[in-house]
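Worksheet: one structure, shown below.
The numbers here are math on the coordinates, done by the rules we state, and not lab data. A quick note: this is a predicted structure, and the numbers were derived from the prediction, not measured. Glycine also receives a Cβ, built like all others from the backbone with ideal geometry; neighbour counts cover every protein chain displayed.
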Amino acid sequence: MSTTTETSLLAAQLPSRFSFVRSRDFPLIPLLILGIIAFVAVFADLLAPHDPQVGSLAARFHPPFWLAGGSTDYLLGTDQLGRDVLSRLIFGARVSMVVGFTAVIFAGVVGTTLGIISGYLGGWVDQVIMRVVDAWLALPALSFAIFLAAIVGPSEMNIVIILGLVFWTRYARIVRGEVLSLKEREFVRLAIVAGCSKWTIMRRHILPNVVNSAIVLASLMLGVVIIAEASLSFLGVGVPPPKPAWGVMLSDGKQGLMVGYWWLTVFPGCCIMLMVLSSNLLGDWLRVKLDPQLRQL
Amino acid sequence: MSNSIHSFASSEGKRPVAAISNRPLLELRNLSTNYISARGRRVVRAVDDVTLTINAGETLGIVGESGSGKSTLALTILRVLPPAAHIVGGQMMFEGEDLVQKSDAEMRRVRGKRIAMILQDPMASLNPLFTVGDQVAEPIRVHEGASRATAWRRAIGLLKAVRIASPETRVRQHPHEMSGGMRQRIVGAIAMSCEPRLLIADEPTTSLDLTIQAQYLNLLRELQREHGLALIFITHNLGIVAKMCDQLAVMYAGRVVESGPVSRIFNAPAHPYTEALLNSIPRMGDNRERLTAIEGQPPNLASLPPGCAFAPRCPVAFDRCRAEAPPAMDLGAGRTARCWLAVPAAAEAGLQDGAV
């Protein structure tokens, strides 16, 4: 009798506990992980024990230090060219951070601008932009990115532009939806009758009200973009090889996986996973944190 | 001799603009606005052949049921109509210029500067993300190109003018930190910011409780008196009309069925619809069991009857009313009415005036 009441009590408490975790809990661990990755990326030159692009063939395939044959000189082992895996991971963080953030911002600026214009002006402008978005979304993202990369050739800059061009449509869709409801709001009407031009209204009254949603989307897109960057690098059309991107490391290490050199792929894989997971958790928290406010206002 | 000069000067001092130009501030002539569906099949005559004048410093009340075209009329004057609505005829002479003919860019310089508007829901009229000061300063910056600092100083003065206590601190606050009545007065300050000649208030008090409503109406009247601005007051509350307005226009199905000075219309309505509206106001000491209502439904604006739009609900309608729409008849003393019965009524009123 008492146990059943206890379990039912527990069941009653569970959802509220979960919502507490989801809504109030500050995402300390994700922020910490992202902070560490950012710190490592910024100070890569000071932190990396070896040159990430130069190895000695004498020191090929060293396992991590805690395994037999490993040495503390190469904490996470070395790859097929004798390059230090840890140093390459540290410099890879820089590539992921730079490409991830700039691509997300680039896509965000393009998508938000077009979304605002499309939603606010309406009419044929809206029709044209939204049909382009529809067509764009019908293309498989990764194949499209590979196609673009094949045309412009691999470089970090090109990757940023390609990922921006592939992912702007999601911002445009969401922002347009927000603008459609915003432009019926009374304060926009007041701006119209106060004599503001369309561009003034879009810039001063619409944009600040959609920035929240765009930031939430950006934090969620960060993970997607990092995966896309790693995938492109893995497929050989991303960051050009001597540079130590995590996707390139996965690609280089995949043959070694079959003969027991697991550290070449597991460590960069873990890094990608941690970064994507953190940015998703952060995005979830931001969404819950910012969205209800947006509706309340 | 000196006496007559003195009286002439004083009369000119009261209404300077009207005396100098001797023409109405805004004159609507046969103005029509239609909502036209995408393929042009359905046409809704939201504003139909409206002729109205308003002088500087005057208050014109526009009353009518929901959907009678009051708000569309206001949007027409500012030319901020939704995409489906089109001005299909008429003129809007404002200070000697026809607003219908103006380009969009020219209209933008009129909006907020020479004609300002207070919207139906002032509570929602403020952008939640900006400080009050930024929003009051916005029209000043848009229209006069003033710097942020200058515009802010003027914003503080405007907040003082709408009786907001400690404007220096309030100006830095956001809308959610203010009460409803304060937010509304801020909307008033925004409307007054560029010293407009004409202010259009579209049911500005519907979302407020009665005490605040009264305060706000007093404030509007004071602002009007201080700045000599003309006010178009759109409402369905005849009590507010009696309190606020000099002139009244009653709208029904997009047409102005009766217009003229408030006191004359209230004393002797010329149109049966006006009469029915006045009868439906509950009064103190009234011992009727039920309020008087107007039988029937407002007509569908997309398919109006051929004759008078009010005929199906009119207690005194006769055959001609159903066949032929009455034109706006001049009843003298600044009054017009669209009713076949209005002519004898005016003659009678004239006789009675003479007798009394």
Just to check, using Stokes-Einstein with a Kirkwood Rh over alpha carbon pairs, what's the diffusion coefficient of the range A:63-216 at 37 °C and 0.692 mPa s in µm²/s?
178 µm²/s
Please average, across the residues of B:127-137, the number of beta carbons from any other chain that are within 10 Å of each residue's own beta carbon, and give a whole number.
4
Angle between chain A longest axis and helix A:85-121 axis [Cα atoms, degrees, rounded to 10]:
10 degrees
Computed for the protein assembly as shown: size of charge dipole around the Cα centre, +1 on C-beta of each Lys and Arg, -1 on C-beta of each Asp and Glu, debye to nearest 20, value 360 debye
Run the simple label-point estimate for B:Ser263 and B:Leu210 please: 7 Å along Cα→C-beta, distance reported in nm.
2.6 nm
Spelling it out for B:Met251: with amide H atoms placed in the peptide plane at 1.01 Å from N, the residues 5 or more places away or on another chain with amide H under 5 Å from its amide H are B:Val63, B:Gly64, B:Val257
Springs between alpha-carbon pairs under 10 angstrom, Gaussian network model over chain B: which of B:Ala337, B:Ala268, B:Ala149 fluctuates most?
B:Ala149
Under the rule a/c < 1.5 gives rounded, and otherwise a/b versus b/c splits prolate from oblate, where does chain A land using the Cα gyration tensor?
oblate
Let me know the mean shielding of A:179-192 by other chains, meaning the per-residue number of their Cβ atoms within 10 Å of its Cβ.
5
Full-stretch length increase - B:Thr169, B:Arg221 - with 0.36 nm per residue and alpha-carbon distance subtracted:
16.1 nm
Below 13 angstrom from the Cβ of A:Arg176, what's the summed charge of the other residues (Lys, Arg +1; Asp, Glu -1)?
+1
Among A:Leu34, A:Leu190, A:Leu282, which one shows the highest mean-square fluctuation when chain A is modelled as a Gaussian network with alpha-carbon springs under 10 Å?
A:Leu190
What is the angle, in °, between the Cα long axis of helix A:156-182 and the longest principal axis of the Cα atoms in chain A? Nearest 10 is fine, range 0 to 90.
30 degrees
The range A:196-297: radius of gyration and largest Cα-Cα distance (Dmax), Å
19.6, 68
Which whole number gives the average count of other chain Cβ atoms within 10 Å of the Cβ atoms across peptide B:71-81?
1
To the nearest 10 degrees, how steeply does helix A:207-234 sit against the main Cα axis of chain A, on a 0 to 90 scale?
30 degrees
So how many Å³ per residue does the convex hull of the Cα atoms of the protein assembly as shown work out to?
274 Å³
Given the C-alpha centroids of the range A:74-112 and the range B:124-181, what is the distance between them in whole angstrom?
48 Å
Report, to two decimal places, the Cα Rg of the range B:133-187 normalised by 2.2 N^0.38 Å (N = number of residues).
1.05
Label-point separation (nm) for B:Asn287 and A:Asp284, each offset 7 Å from Cα along Cα-to-Cβ?
7.2 nm
Share of antiparallel DSSP beta bridges in the protein assembly as shown, in percent to the nearest 5?
60 percent
Across B:Ser263, B:Ser32, B:Ser303, the residue with the highest GNM fluctuation in chain B (Cα network, 10 Å cutoff) is B:Ser303
Distance check, please: which entries in A:Lys289/B:Lys160; B:Lys160/B:Lys243; B:Lys102/B:Lys160; A:Lys198/B:Lys160; B:Lys70/B:Lys102 exceed 27 angstrom between their Cα atoms?
A:Lys289/B:Lys160; B:Lys102/B:Lys160; A:Lys198/B:Lys160
As a percent rounded to 5, the proportion of antiparallel DSSP bridges among beta bridges in chain B is 60 percent
Can you tally the net charge around B:Met93? Count Lys and Arg as +1, Asp and Glu as -1, for every other residue whose Cβ sits under 15 Å from the Cβ of B:Met93.
+1
Shape metrics for the range A:209-255, restricted to C-alpha atoms - Rg then Dmax, Å:
14.2, 50
In nm, to one decimal, how far is the modelled label at B:Arg148 from the one at A:Ser143, with both set 7 Å along Cα→Cβ?
5.0 nm
Using alpha-carbon coordinates alone, the radius of gyration and Dmax of chain B in Å work out to 21.8, 69
Using the Karplus curve 6.51 cos²θ - 1.76 cosθ + 1.60 with θ = phi - 60°, what ³J(HN,Hα) values do you get for each residue of the range B:165-172, in whole Hz, with x for Gly and Pro?
5, 6, x, 5, 8, 4, 4, 8
